[in-house]
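Below is one structure; the comments refer to it alone.
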């Protein structure tokens, strides 16, 4: 029995998906500036006219690919959340989860897009929508990962926000100038600060450089 031939609509959808996947890969690996129509065409193994038939301009191509990049980041985030070790303090685990996301190629791609969007109105409008989506979903997952007793603690959501903001800044700084040791020291200090803020450690231990108690690992 011969396989069914795909319809023109199916072939068109498949080609479009291939172009967007290759654009997202190019953004992740090479950055915004190097993601040209030619680079995508070459990666996809398609004629330039085929790419431009689906996306007449580079701006349209990159705007559409932004959604693909966000989906990649969310999927990786969900997988990382599923791999968190049982038995660890969940608030401390959220710091590790957030850092892996905010120090990943997908996040650095988002940074590229943010910078480009400063002067590109079309890209900015689309990026605002997609960033709102990724932040909403990640905050939901963070609180889901926390579970009880944190989920019903009114302080938890604020501490998650603080964690995201602090680690975003750390990632942006460390991308150019930070060393591994410096980053790890900040993460340790923030984990200890969270333990103090949530009431697991007394405030006088905030500046203590010793490791966290085993119960908080």
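In table form, for the structure just shown:
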{"read-out": "Qualifying positions in the range 31-43 - in a loop (DSSP other than H, G, I, E, B) and at pLDDT 90 or above", "value": "34, 35, 36"}
{"read-out": "Residue list for the range 140-163, filter: under 17 Å from residue 100 (Cβ atoms) and in contact with a helix residue (DSSP H, G or I) (Cβ under 6 Å, 6 or more places away or on another chain)", "value": "141, 142, 145, 146, 160, 163"}
{"read-out": "Members of the range 135-150 that are exposed (fewer than 14 other Cβ atoms within 10 Å of the Cβ) and under 16 Å from the mean Cα position of the chain (by Cα)", "value": "135, 136, 140"}
{"read-out": "Some residue of the range 202-211 being at pLDDT below 75 and touching a helix residue (DSSP H, G or I) at 6+ places or on another chain (Cβ under 6 Å)", "value": "yes"}
{"read-out": "Residue among 28, 62, 74, 46 that alone is at pLDDT below 90, farther than 30 Å from residue 160 by Cβ and either buried (at least 17 other Cβ atoms within 10 Å of the Cβ) or in contact with a helix residue (DSSP H, G or I) (Cβ under 9 Å, 6 or more places away or on another chain) (or both)", "value": "62"}
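Residues checked against (1) part of a loop (DSSP other than H, G, I, E, B); (2) within 30 Å of residue 201 (Cα to Cα); (3) in contact (Cβ under 8 Å) with a residue 40 or more places away in the chain:
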| site | (1), (2), (3) |
| --- | --- |
| 20 | no, no, yes |
| 51 | no, no, no |
| 86 | yes, yes, no |
| 108 | no, no, yes |
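The values are calculated or read from the model by the stated rules, or taken from the named source; none is laboratory data. Computed from a prediction, not measured in an experiment: that's the story for all the values here. All Cβ positions, even for glycine, are placed from backbone atoms using ideal geometry, and neighbour counts span all protein chains on display.
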